[in-house]
Amino acid sequence: MMTNFLQEGEFSTGCNYWASHAGTAMWKNWQPEVVEKDLKLLSDAGLTVLRVFPLWPDFQPITPHYDAEGLVQVRHGENSFTHEEYALAGIDETMMQRFSFLVKTAENNGIQLVVSLINGWMSGRLFIPPVLYNKNILTDPDSLMWQTRFVKTFVKTFCNEPAIVGWDLGNECNVMEKIDEQSKSWLWTSAISNAIRSIDPKRPVISGMHGLTLDGVWRIQDQGELTDILTTHPYPLFTPYCDQEPANTMRPLLHATAESIFYNNISGKKCFAEEMGTLGPMVAGEKKTAEFLRTNLYSLWAHDCRALLWWCAFDQDHLDSTPYQWKAIERELGLVKNNGTPKPLVFEIKEFNNFLKNNINLPARSTDAVCILSKDQDHWAVAFSAFVLAKQAGLEIEFQYHDQPLKPALAYLLPCITGTDVIWKDNMSELLKRVKGGATLYISYDGGFLSSFNDICSVEVHSKEKRTGPVSIHLNTADTSGTWQGEAVHKLNIESTSAHVIAAEEDENPVFTETSCGKGSVYFLGVPLEKACANQPFIFNNETSVHNFYRIWLKNILLEKLITINEPYIGVTEHRKDENFVWIVCINYSNKKIQTPMMIKNGWKITKTYTSDNNNRNYDDKFLILDEFQTTVLSLEKTGN
């Protein structure tokens, strides 16, 4: 079994694979010579991992046969089960032989396989065995019985194949059927995961879901409990707050990274971008799509997300079968056109893999702050905006839910506090203990309640009311300026008792304050900045410098950075190998060449640089110069001075 997939210090590039001649009909319209040609092309392009799909009704074509009194027998269409080993599971022997050919061909081409098992939802069409029509696929006992039989038999057949590196529960099974209770999704996930592990306890179980939440029916926490690896499918069109700007601008470019870190931090499990793309030429042309892929490769790599699998291998605009007959959006998403011509995307993958030959084995990035997400809020809206604002301000954050044990950090965010259950009392007590010990706490307001709020923030609340219009806030301090205008529902009318007022509203009501708390500091912002930014197109791309609302409260943390760059479109991560050696990854998330001053902490020096165009060179240690969408990696060593 190949072992480098998702291992620490490794990054894999790949795609989701359907045969170029047939798409989802590949198993019925079987052409092994096409599969051989496809996999050789993908291997030559530098791809190392494919996610593959034994289509559920093709591999388990179980059909009910009735008489006047009801169900008599389940058969393969009109035929009896033909292979004793597969009879109980209702599996088609011919399909298993075809899948075996795919596995052997992948191995011969040095390609690893993530095998998605329950594939009833694919590209906008349901593919369900006939015996399960009109049943709830995720909760019906008959459905669970047949799925469990299929999974156990399939995994048993292929568990000794070295090319297979992980078992995916299935393709976006949370989209396959609507269910109304979290316990039902937990039971389905548990059943399929346990079926896999009962046969193959060595390979990881991969979640394969799309659009998980913290408190809905399909929860990040549950997938973390029951599987070994989580995945994101970060398409801008299908993810809230992401389809607002061109694909090659900062918010869309950080989407996959932010969502993968969000899942990883909440679940405690590794997470990678299992399928992603721009969703075709009506969203982004070939050049912009290539820039999108290039930046995401380096961003996911720098943030320890370990793999990017593009959707998908080949364009499918020549196919007339469903779902391609219906879904225009599914036809032009490949790395390769239907005539066999590689798109510029393939060049980007090759260039990235060439860059990885520099053997820069990155440790996990260093983080500065923990973003605590509270009950009753729009968690993804708040988390995503906080991530982008922090990145633009020079801060690296991680996430946790309010009921999880408090993570250690130099700073904490309670963004957009909402409702009456913002954070459990024990965690709030521990949080204040950390602040009194020297940490920084930032709170932004969206109508929520905190015990001892007046004492914590050194203010007195006079009244709470609903706002009647947008809010404008202007920063104008000695070293920071910025403007934000947006929507806010709630307003606190407050008076400072001993807090320093950083900014006030037009009626002179304090809206941004700072106060000491033991050895630490507490900052309060009286508007839901993060939630509001989530709904504002181009808020991270214009000249309002909204990220400066974060730079104010993280100023002391920035002083401890090994490299300081005051440029919002450049993301900087630190990766500490040991006390004397650190990697610094600098990514330009913009379409402009940037030259910006760079301050290196005393006692450190740049010893080598690596760039994404592989034009490695000695570097001016006073200025950072990055072409559009370029990445530079700096090695820093202690000088002893």
Taking segment 10-47 and keeping only residues that are more than 19 Å from LYS337 (Cα to Cα), in contact with a helix residue (DSSP H, G or I) (Cβ under 8 Å, 6 or more places away or on another chain) and assigned to a loop (DSSP other than H, G, I, E, B), one is left with PHE11, TRP27, LYS28, TRP30
Residue pairs within 9 Å by beta carbon, gap of at least six or interchain, first lying in segment 176-194 and more than 20 Å from SER116 (Cα to Cα), second assigned to a helix (DSSP H, G or I) and not charged (D, E, K, R), listed first then second, are ILE179/SER185; ILE179/TRP188
Please find, among LYS555, LYS531, LYS561, LYS577, the residue that is of a type in the set (D, E, K, R) and in contact with an Asp or Glu (Cβ under 7 Å, 6 or more places away or on another chain). LYS531
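With the structure loaded, tell me whether HIS490 is of a type outside the set (Ser, Thr, Tyr), in contact (Cβ under 8 Å) with a residue 12 or more places away in the chain and more than 23 Å from SER374 (Cα to Cα) or whether it fails that test.
Working: of a type outside the set (Ser, Thr, Tyr): yes; in contact (Cβ under 8 Å) with a residue 12 or more places away in the chain: yes; more than 23 Å from SER374 (Cα to Cα): no.
Against the criterion (of a type outside the set (Ser, Thr, Tyr), in contact (Cβ under 8 Å) with a residue 12 or more places away in the chain and more than 23 Å from SER374 (Cα to Cα)), HIS490 does not qualify.
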Just name the residue that is nearest to the chain's Cα centre (by Cα) out of those in segment 425-450 that are exposed (fewer than 13 other Cβ atoms within 10 Å of the Cβ) and part of a loop (DSSP other than H, G, I, E, B). PHE449
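Is it the case that segment 593-600 has a residue that's under 29 Å from CYS242 (Cα atoms), open to solvent by 70 Å² or more (accessible area, probe 1.4 Å) and not in a loop (DSSP other than H, G, I, E, B)? Break it down stepwise before answering.
In the first step, residues of segment 593-600 are kept if they are under 29 Å from CYS242 (Cα atoms); the result is 593-596.
Those left that are additionally open to solvent by 70 Å² or more (accessible area, probe 1.4 Å): 593, 595.
Those left that are additionally not in a loop (DSSP other than H, G, I, E, B): 595.
Taking every residue of segment 593-600 in turn, at least one turns out to be under 29 Å from CYS242 (Cα atoms), open to solvent by 70 Å² or more (accessible area, probe 1.4 Å) and not in a loop (DSSP other than H, G, I, E, B).
Being under 30 Å from LYS531 (Cβ atoms), open to solvent by less than 10 Å² (accessible area, probe 1.4 Å) and either touching a Ser or Thr at 6+ places or on another chain (Cβ under 6 Å) or assigned to a loop (DSSP other than H, G, I, E, B) (or both) narrows it down to one residue among CYS371, CYS312, CYS305; which is it? Reasoning before the result, please.
Values: CYS371 fails: either touching a Ser or Thr at 6+ places or on another chain (Cβ under 6 Å) or assigned to a loop (DSSP other than H, G, I, E, B) (or both); CYS312 fails: under 30 Å from LYS531 (Cβ atoms).
CYS305 is the lone residue from the list that is under 30 Å from LYS531 (Cβ atoms), open to solvent by less than 10 Å² (accessible area, probe 1.4 Å) and either touching a Ser or Thr at 6+ places or on another chain (Cβ under 6 Å) or assigned to a loop (DSSP other than H, G, I, E, B) (or both).
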Looking at (1) free of Cβ contacts under 8 Å to residues at least 60 places away in the same chain; (2) open to solvent by less than 10 Å² (accessible area, probe 1.4 Å); (3) not basic (Lys, Arg), which is the only condition GLU78 fails? (2)
For segment 330-359, which residues satisfy the criterion of being charged (D, E, K, R), within 16 Å of MET276 (Cβ to Cβ) and assigned to a loop (DSSP other than H, G, I, E, B)? GLU332, LYS343
Any residue at all in segment 281-290 that's of a type in the set (Gly, Ala, Ser), within 25 Å of SER116 (Cα to Cα) and surrounded by fewer than 23 Cβ atoms within 10 Å (Cβ to Cβ)? no
For segment 216-242 the number of residues that are open to solvent by less than 30 Å² (accessible area, probe 1.4 Å) and part of a loop (DSSP other than H, G, I, E, B) is 9
Out of VAL382, VAL388, report the one residue that is under 30 Å from LEU6 (Cα atoms) and touching a strand residue (DSSP E or B) at 6+ places or on another chain (Cβ under 8 Å). VAL382
Name the pairs: first residue in segment 386-407 and within 21 Å of PHE540 (Cα to Cα) and assigned to a loop (DSSP other than H, G, I, E, B), second residue among the aromatic types (Phe, Trp, Tyr) and open to solvent by less than 20 Å² (accessible area, probe 1.4 Å), Cβ to Cβ under 8 Å, at least 6 apart or on different chains? LEU395/TYR550
Do we have any residue at all in segment 111-122 that's surrounded by fewer than 20 Cβ atoms within 10 Å (Cβ to Cβ) and in contact (Cβ under 8 Å) with a residue 24 or more places away in the chain? no
Only residues in segment 200-223 that are within 15 Å of SER267 (Cα to Cα) and basic (Lys, Arg) count as the first member; pair them with residues that are open to solvent by less than 30 Å² (accessible area, probe 1.4 Å) and modelled with pLDDT of 95 or more, Cβ under 8 angstrom, at least 6 apart or cross-chain, and list the lot. ARG219/SER185; ARG219/LEU212
If the requirement is being at pLDDT below 95, in a loop (DSSP other than H, G, I, E, B) and either surrounded by fewer than 23 Cβ atoms within 10 Å (Cβ to Cβ) or over 27 Å from the mean Cα position of the chain (by Cα) (or both), which of these qualifies: GLN73, GLN7? GLN7
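Go through segment 491-584 and tell me which strands (runs of 3 or more DSSP E), entirely inside it, have 3 or more residues that are open to solvent by 20 Å² or more (accessible area, probe 1.4 Å) and touching a helix residue (DSSP H, G or I) at 6+ places or on another chain (Cβ under 6 Å).
none
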The one condition PHE272 fails out of (1) open to solvent by less than 10 Å² (accessible area, probe 1.4 Å); (2) touching a Lys or Arg at 6+ places or on another chain (Cβ under 6 Å); (3) part of a loop (DSSP other than H, G, I, E, B) is (3)
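Whether any residue in segment 502-517 is under 26 Å from the mean Cα position of the chain (by Cα) and at pLDDT 90 or above is what I want to check. Walk me through how you get there before you give the answer.
First, the residues of segment 502-517 that are under 26 Å from the mean Cα position of the chain (by Cα): none.
No - not one qualifying residue is present in segment 502-517.
The values are calculated or read from the model by the stated rules, or taken from the named source; none is laboratory data. All values reported here derive from a predicted model rather than from experimental measurement. A quick note on method: Cβ atoms are made from the backbone with ideal geometry, for glycine too, and the neighbour counts reach across all protein chains shown. For accessibility, only protein heavy atoms count, side chains too; no ligands or nucleic acids. Shrake-Rupley method; radii C 1.70, N 1.55, O 1.52, S 1.80 Å.
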